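The values are calculated or read from the model by the stated rules, or taken from the named source; none is laboratory data. A quick note: this is a predicted structure, and the numbers were derived from the prediction, not measured. We place every Cβ from the backbone using ideal geometry, glycine too, and count neighbours over all the protein chains shown. Just so you know, the surface numbers come from the protein's heavy atoms only, side chains and all, with ligands and any DNA or RNA stripped out. Shrake-Rupley method; radii C 1.70, N 1.55, O 1.52, S 1.80 Å.
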Amino acid sequence: MENSRLGGVLPYSMGNFSDSLQTIYAPQNQINGPIPESIGALRNLNLLDLRDNNLDGTIPPTIGDLQNLQRLHLYSNQIGGSIPEEICNLRNLGEMGLQDNKLTGPIPHCIGSLNHLQELNLSNNSLTASIPASLWTLENIIFMDLANNSLGGNLSSEMKMSRVMEKLDISRNHITGKIPTIFGAFESLSSLDLSNNSLHETIPESLGDLQSLEFLDLSYNNLSGLVPKSLESLNHLKHFNPSYNDLS
């Protein structure tokens, strides 16, 4: 039912649909109103895709009852409130797309327990507090985008090496402190955007170990010192922006 000009609201009675229902796919329509709490009754749902509608209200805590859910796409709506802790019950979740909404509050620390998560996009919301250290322990995460929020604090010193992460974007936040040297061990990383934050101290030499890196944006921070000579070894680098820092 993609782009079918469906309107109206999601009825509370949708919880009475067959418990064998596996897919709700209705992106790019004109559905409005909140997601009903009764959606938690659809225990065998593995895909919930309501992106690009006019949904508002909040994410109901009952979404945590969808324990077979593998893909959750609610992006490009008007959903507000906080991300419920119950979302961490979705232990089979591989994709979570909540970007381009009006979400507030912190990122739940327990998201780090979603071991199957490969894609996490929370960008373009109003999320606050620091990035939970647990996010850096997600062993299967390939794509993480937290850009354009109000996240603060330092990047965790407990960050673990990732062999599979390909894209990381935490730009346009309020992150402080220094760039962790462990980033140099993210051997599959092709895109790293740390721009428009308040990072300081020097660019770590270890970034020169990112042999797959094609995109590196460090602009609009408070970085100082020299650009490391080690970056000369990044043979695949196509975009490098260190502008608007205090580099010498």
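Under 8 Å for C-alpha pairs, at least 6 residues apart: give me the relative contact order for segment 1-70, rounded to a whole percent.
Answer for segment 1-70 is 34 percent.
About the Cα centre of segment 192-232, what is the dipole size in debye to 20, counting +1 per Lys and Arg Cβ and -1 per Asp and Glu Cβ, all else neutral?
120 debye
Could you look at the chain and say what percent of its accessible area is carbon and sulfur, using a 1.4 Å probe and all protein chains?
Carbon plus sulfur share of accessible area: 45 percent.
Give me the one-decimal nm value for the distance between modelled label points at ASN68 and THR202, 7 Å along each residue's Cα-to-Cβ direction.
The two pseudo-label positions are separated by 5.6 nm.
Lys and Arg at +1, Asp and Glu at -1: add these up for the other residues within a Cβ distance under 13 Å of ILE131 and post the number.
Within the 13 Å Cβ shell, the charges total -3.
Between LYS178 and ILE142, take the C-beta separation as r, use R0 = 35 Å, and let me know the FRET efficiency to the nearest 0.05. Don't jump to the answer; show the numbers that get you there.
Working: r = 25 Å, r/R0 = 0.72.
For R0 = 35 Å, the calculated efficiency reads 0.85.
Please compute, for the alpha-carbon atoms of segment 202-248, the extent along each of the three principal axes and give them in descending order in Å.
26, 17, 12
Which net charge results when you count Lys and Arg as +1 and Asp and Glu as -1 among the other residues whose beta-carbon is under 15 Å from that of THR181?
-3
Ratio of alpha-carbon Rg to the 2.2 N^0.38 Å globular estimate for segment 49-105, to two decimals, please.
Normalised Cα radius of gyration, segment 49-105: 1.04.
Please give the contour-minus-distance gain from GLN22 to GLU85: 0.36 nm per residue of separation, less the Cα-Cα distance, rounded to one decimal in nm.
Contour length minus Cα-Cα distance gives 20.4 nm.
Read through the labelled values (i) 19.1; (ii) 21.9; (iii) 19.8 and report the label of the one computed as Kirkwood radius over Cα pairs in Å from the structure.
Label of the calculated value: (i).
What is the extension gain from SER113 to ASN92, computed as 0.36 nm multiplied by their sequence separation minus the C-alpha to C-alpha distance, in nm to one decimal?
6.5 nm
In Å², and per residue, what accessible area does the chain have when probed at 1.4 Å with the other protein chains present?
Each residue of the chain exposes 45 Å² on average to a 1.4 Å probe.
Mind telling me which of MET165, MET14, MET96 comes out most flexible in a GNM of the chain, alpha-carbon contacts under 10 Å?
Comparing MET165, MET14, MET96 in a Gaussian network model of the chain, the most mobile one is MET14.
Under 4 °C and 1.567 mPa s, how fast does segment 60-160 diffuse according to Stokes-Einstein, given a Kirkwood radius computed over C-alpha pairs? Answer in µm²/s, whole number.
Stokes-Einstein gives a translational diffusion coefficient of 96 µm²/s.
Just to be sure I understand the curve: with the Debye formula and one point per C-alpha of segment 142-188, what is log10 I(q)/I(0) at q = 0.22, 0.28 Å⁻¹?
-0.85, -1.17
Can you spot the aspartates and glutamates whose alpha carbon is less than 15 Å from LYS229's alpha carbon? Ignore those fewer than 8 places along the same chain.
GLU205, ASP209
Taking the Kirkwood radius as the inverse of the mean 1/r across Cα pairs, report the Rg/Rh of segment 5-46. Walk me through the numbers before you get to the answer.
Details: Rg = 10.6 Å, Rh = 11.0 Å.
Checking Rg against Rh, the ratio lands at 0.96.
Tally Lys and Arg at +1 and Asp and Glu at -1 over the other residues with C-beta under 13 Å from the C-beta of ARG43: what net charge comes out?
Neighbour charge sum, excluding ARG43 itself: -2.
Based on the alpha-carbon gyration tensor of segment 133-248, what equivalent-ellipsoid semi-axes (square roots of 5 times the eigenvalues) come out, in whole Å, largest first?
Working from the Cα gyration tensor, I get semi-axes of 19, 18, 13 Å.
Based on the Cα gyration tensor of segment 1-147, what are the three equivalent ellipsoid semi-axes, each the root of five times an eigenvalue, rounded to whole Å and given largest first?
With the √(5λ) rule applied to segment 1-147, the semi-axes are 24, 17, 13 Å.
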